[in-house]
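Asker: I have a structure here, written as structure tokens, and I will follow up with some questions on it.
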Amino acid sequence: MDAEKSSSSSFEDLSNLNEQERAELASSVPAPAEVNEQPSTSEQNDKPESEAKATEESESECMDILGNGTLLKKVLKKGRSELRPESKDLVTVSYTGRLEDGTVVEEQNNAVVQIDDVEVVQGLDMALKLMNEGEVAEVIVNPRFAYGELGVKDPTEQDPVIRTVPPNATITYTVELVSMREESDIEARTYASRKEIGNRKRLRGNFWMKRQEYNLAIQSYRRALEYLDDTVSAGGMMESGSAGSVELSTAELQDLLEDRMKVYNNLALAQLKISAHEAALKSVDHVLKCQPNNAKALYRKGKILDAKGDTAGAITLLQKAATIDVDDKLIQSELSKLILKSKREARNERDLYQKMLGQAQKLEQKTKAPPAAQTTESSKIMMWGYLVGTILIGVVGVAMYRYNNP
């Protein structure tokens, strides 16, 4: 996330439970009290049956995954192994999500989901890491870890399995972890495979962008680039396959480039939304390096420069974007705003300069006035000094004359 959840965020970065928490959870069931009496034969015969019953009851209890009642998991069918998926593992799951009144809002069969890649709601993603392979469980997800205050108003082509979800809805999932496997090396995948996965993650990022979950969108876009950026090997136009190395066609390379540019453009927008300006500049520069006349990239770089305080640089970019796409009203509108902003800033700067100049002139006048006043005052004092001195000399002279001529 970067720092940085949006105010409408319904998701939090809560990862899997550590081993200590799991151990505490397992030890929360009190141990049976010790008895000194030797059990009877009938009690010994009944012991396996009672233990099996106790095991069955413990499995049917809800696990409070986060300890606050917001994410509960109940085993409906025990798994066939003790294996559990880890981060980035690929799991095949079938699940159905229902509201409290029983309305089905999500349904998917044998869907492939990558753990920790926000391809399902966060509550379900966390619960999958606590399921064994083959297990069927009921997972109750609080709105905080489902679709939050926004809900889902309109199903989209990107998520046809999600239906309308009201705001602040608790969703109960019945989910089966059909199978699991580790993620294979991206370099070992074919061009078609990486393109398909990369674009799926790009569309997931678009989903989070529309929900204003910018950190989750950034996570999806970065994962998409791991597939799309590595599709072409260091050699430039080769991919590995069952028939050996195959040269990619010019059309395939161009198609791949277009996919990458879409991701970088959207990634720049998401980074701008969380004020990660330097990262956003790097992302949009990836686009302009390959497509210097990409109007959308020019527009977004202009927005980034404006956010960084470079209004003049932003205007230059938007003017170029406006000449490339003359029908884009958004570019025209933003350009007009920036021109008005530039004029206002220039006027404010001029007024500030005049104010500072006026203050400087007043200060200069004040510093010159005291010496002039001081000179006038000094002249008066000197005149009075001469007058008093003359009088004193006269008085002394008269006194000496009388003393010498009594």
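What follows is calculated from the coordinates using simple rules that are stated; it is not laboratory data. Since this is a predicted model, take the numbers as computed values, not measurements. Every residue, glycine as well, gets a Cβ built from its backbone with ideal geometry; the counts of neighbours run over all protein chains shown.
Asker: Tell me, in nm to one decimal, what length is gained between Lys74 and Thr190 on full extension, where the rule is 0.36 nm per residue of separation less the Cα-Cα distance? Working shown, then result.
Answerer: Working: separation 116, 0.36 × 116 = 41.76 nm, distance 3.94 nm.
Taking 0.36 nm per residue and subtracting the Cα distance, the gain is 37.8 nm.
Asker: Quick one: 3J(HN,Hα) in Hz for the stretch 209-218, Karplus 6.51/-1.76/1.60 with θ = phi - 60°, rounded, Gly and Pro as x.
Answerer: So the Karplus estimates, Gly and Pro as x, are 4, 5, 8, 6, 9, 5, 5, 5, 5, 4 Hz.
Asker: Now for a different question. Roughly what would the spin-label model give for Asp351 and Ala111, points 7 Å off Cα along C-beta, in nm?
Answerer: With each label placed 7 Å out from Cα toward Cβ, I get 5.6 nm.
Asker: Sticking with this structure for a sec: Residue by residue through the stretch 287-299, what is 3J(HN,Hα) from phi via Karplus (6.51 cos²θ - 1.76 cosθ + 1.60, θ = phi - 60°)? Round to whole Hz and write x for glycine and proline.
Answerer: 6, 5, 5, 8, 9, x, 10, 6, 4, 5, 5, 4, 4
Asker: Farthest toward the dipole's positive end in the stretch 58-183, which of Cys62, Val152, Tyr173, given Cβ charges of +1 (Lys, Arg) and -1 (Asp, Glu) about the Cα centre?
Answerer: Value: Cys62.
Asker: Between Met180 and residues 5 or more places away or on another chain, which pairs have amide H atoms under 5 Å apart, with H built 1.01 Å from N, and which residues are they?
Answerer: Under 5 Å from the amide H of Met180: Thr92.
Asker: How compact and how long is the stretch 58-183, expressed as Rg and Dmax of its alpha-carbon atoms in Å?
Answerer: For the stretch 58-183, the Cα-based Rg and Dmax read 13.8, 42 Å.
Asker: Give me the net charge of Arg350's neighbourhood, meaning all other residues with Cβ under 13 Å from the Cβ of Arg350; Lys, Arg count +1, Asp, Glu -1. If you can, show how the numbers build up before the last one.
Answerer: Numbers: positive: Lys343, Arg344, Arg347, Lys355; negative: Glu345, Glu349, Asp351.
That works out to +1.
Asker: Relative contact order for the stretch 58-183 using alpha-carbon pairs under 8 Å, separation at least 6, rounded to a whole percent?
Answerer: Contact order relative to length: 32 percent.
Asker: Then there's this: Let me spell out the model: positive unit charges on the Cβ of Lys and Arg, negative unit charges on the Cβ of Asp and Glu, origin at the Cα centre of the stretch 70-114. What dipole size does that give, in debye rounded to 20? The partial results should precede the final answer.
Answerer: Numbers: 8 positive and 7 negative charges, 63 e Å.
Approximately 300 debye in magnitude.
Asker: Hey, another quick one. HN-Hα J couplings of the stretch 332-338 from phi, Karplus 6.51/-1.76/1.60, θ = phi - 60°, integer Hz, Gly and Pro as x?
Answerer: With coefficients 6.51, -1.76 and 1.60, one gets 4, 5, 5, 5, 4, 4, 5 Hz.
Asker: Which percent of Cα-Cα pairs in the stretch 262-346 sits in each 10 Å bin, short to long?
Answerer: Percent of Cα pairs in each bin: 20, 52, 27, 2.
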